Amino acid sequence: MPLLTCAHMENVDLMDRFQQTIDAEVKIEPKDWMPDKYRKTLIRQISQHAHSEIVGMLPEGNWITRAPNLRRKAILLAKVQDEAGHGLYLYSAAETMGVDRDFLFEELHEGRAKYSSIFNYPTTSWADIGAIGWLVDGAAIVNQVSLQRTSYGPYSRAMVRICKEESFHQRQGYEIMISLAKGSAVQKKMAQDAFNRWWWPSLMMFGPHDSESTHSAQNTIWKIKRHSNDELRQKFVDMTVPQAEYLGLTIPDPNLAWNEERGHYDFGEIDWTEFMQVVKGNGPCNKERVAARKDAYAKGEWVREAAVAHAEKKAARKLKENVRA
Amino acid sequence: MSKSNWPLWEVFIRSKQGLSHKHVGSLHAADAEMAIENARDVYTRRMEGISIWVVPSSEISASSPDDKDIMYEPANDKVYRHPTFYNIPPEIGHM
């Protein structure tokens, strides 16, 4: 079967050139040849990232109407609007891979697509909005700064834009925490309580240990991923501990201690059973979040249809005018 | 395909007077007017632009990456198109 061999040879050649491009730190662009697995991995990763931004609006949206004052409300609105924007940059990047946006929505709504598990935790007090901005956005920044150098051009460019905007998210959260931590005894308690609940889920955001991470090896060779889960998690802990100390908060981990020799903080083991439960859909808010997305999408159906009908009517009118003229 | 599907548009933004429009990404909209309004919300929340172009993605014709060699390689051996190809005596200074 000489034909098959020939096609196979060609594929090997393309694969070599693809890897050489990546090794030379040259970005892969939408129309370039790429292995199917690279395309599939990126569609999965970028769309999950987009879903996370969109679902991430829900826990925070919960507090827009109850923000303590107008300044905080305007800030929270702007932040949640940014998250919508980030979701759209990412869906747009995913679509350059040839996947249809409605298909991605369908995957989310049918429960086939994942999103960051952190958004399956409830926001029970105003302090949670501070803790989310500071910790959740803080962890996201560590991850996204690393992804700015990812090998796929459109994904990398979306990350650059997102990182530019994300810094405000973390700072506004930390500012909320400062107000509470320097406030009354009740406010201090609120801050500590929110910190206790968000600390561990934030560490889980970086995913399983490197030794347990299923896609890591190939994704590192293809430079989709630039740093390992454990590396990024350590970076986040080292960054965040002094910030917690400044607030006078106690880190809810008895094993947390500075390790002089390593030059890093040591910290305790994550409850991986909880992590797996939330990933599998059994977290406190998994069902509520997907239901809210489905509901919003269904309720928007008439708007999408009306807009198309209006656009068609306008186009027809224009055509008629042009014919007459 | 549902009848509510909006087509894809490519968005180009001029960040300030004196610079050209630059591609920033894409979005979905029912028509050009809505595409411009959406582009404003998605791509210029922080004064990133003063002018927006939107083009239906289906209307863009692009060169193929497979033609890279035929298209651009011939320019490779025409080094005499670059100023550094020419030796100017140092006494002349900047030219």
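Round to a whole angstrom and tell me the spacing of the C-alpha centers of region A:119-154 and region A:182-204.
So the separation of the two Cα centres works out to 17 Å.
Sort A:214-224, A:266-276, A:150-160 by packing, meaning the average of other beta carbons within 10 Å per residue, with the highest value first.
On the way: A:214-224: 15.7, A:266-276: 13.7, A:150-160: 21.8.
Most protected by this proxy first, the peptides run A:150-160, A:214-224, A:266-276.
For A:K280, give me every one of the aspartates and glutamates with a C-alpha distance below 16 angstrom, ignoring sequence neighbours fewer than eight places off in its own chain.
A:K280 reaches A:E107, A:E110, A:D271, A:E288.
Mind checking A:304-312 for the average number of partner chain beta-carbons within 10 Å of each residue's beta-carbon? Spell out each step's value before the answer.
Numbers: counts 7, 5, 2, 6, 8, 3, 4, 8, 3.
Across the residues of A:304-312, the mean count of other-chain Cβ atoms within 10 Å is 5.
Viscosity 1.306 mPa s, temperature 10 °C: what is the translational diffusion coefficient of the protein assembly as shown from Stokes-Einstein with a Kirkwood Rh over Cα pairs, rounded to a whole number of µm²/s?
It comes out at roughly 65 µm²/s.
State which entries of A:K31/A:K314; B:K22/B:K68; A:K73/A:K182; A:K37/B:K68; A:K114/A:K299; A:K79/A:K299 exceed 30 angstrom in Cα-Cα distance in the structure shown.
In this structure, A:K31/A:K314 lie more than 30 Å apart at Cα.
Based on the Cβ-Cβ distance from A:A315 to A:D295, what FRET efficiency comes out when R0 is 41 Å, to the nearest 0.05?
Numbers: r = 32 Å, r/R0 = 0.77.
Taking R0 as 41 Å, the efficiency between A:A315 and A:D295 is 0.85.
Within 10 Å of each Cβ in A:16-24, how many Cβ atoms from other chains are there, averaged over the peptide?
On the way: counts 0, 0, 0, 0, 0, 0, 0, 0, 0.
That average works out to 0.
Roughly how many Å is it from the Cα centre of region B:38-95 to that of region A:269-311, as a whole number?
41
Loop-only chymotrypsin sites (Phe, Trp or Tyr not before Pro) in chain B, please: DSSP not H, G, I, E or B, and at most 15 other Cβ atoms within 10 Å.
B:Y86
For chain A, what relative contact order do you get, as a whole percent, if you take Cα pairs closer than 8 Å and at least 6 residues apart? Before the final figure, lay out the partial values.
Values: 330 pairs, mean separation 58.8, N = 325.
Reported as a whole number, the value is 18 percent.
No value in this document is a laboratory result; all are computed from the given coordinates. What you see is a predicted model; the values in this text were computed from it and never measured. Heads up, the Cβs are rebuilt from the backbone with ideal geometry, glycines too, and the neighbour counts pull from every protein chain shown.
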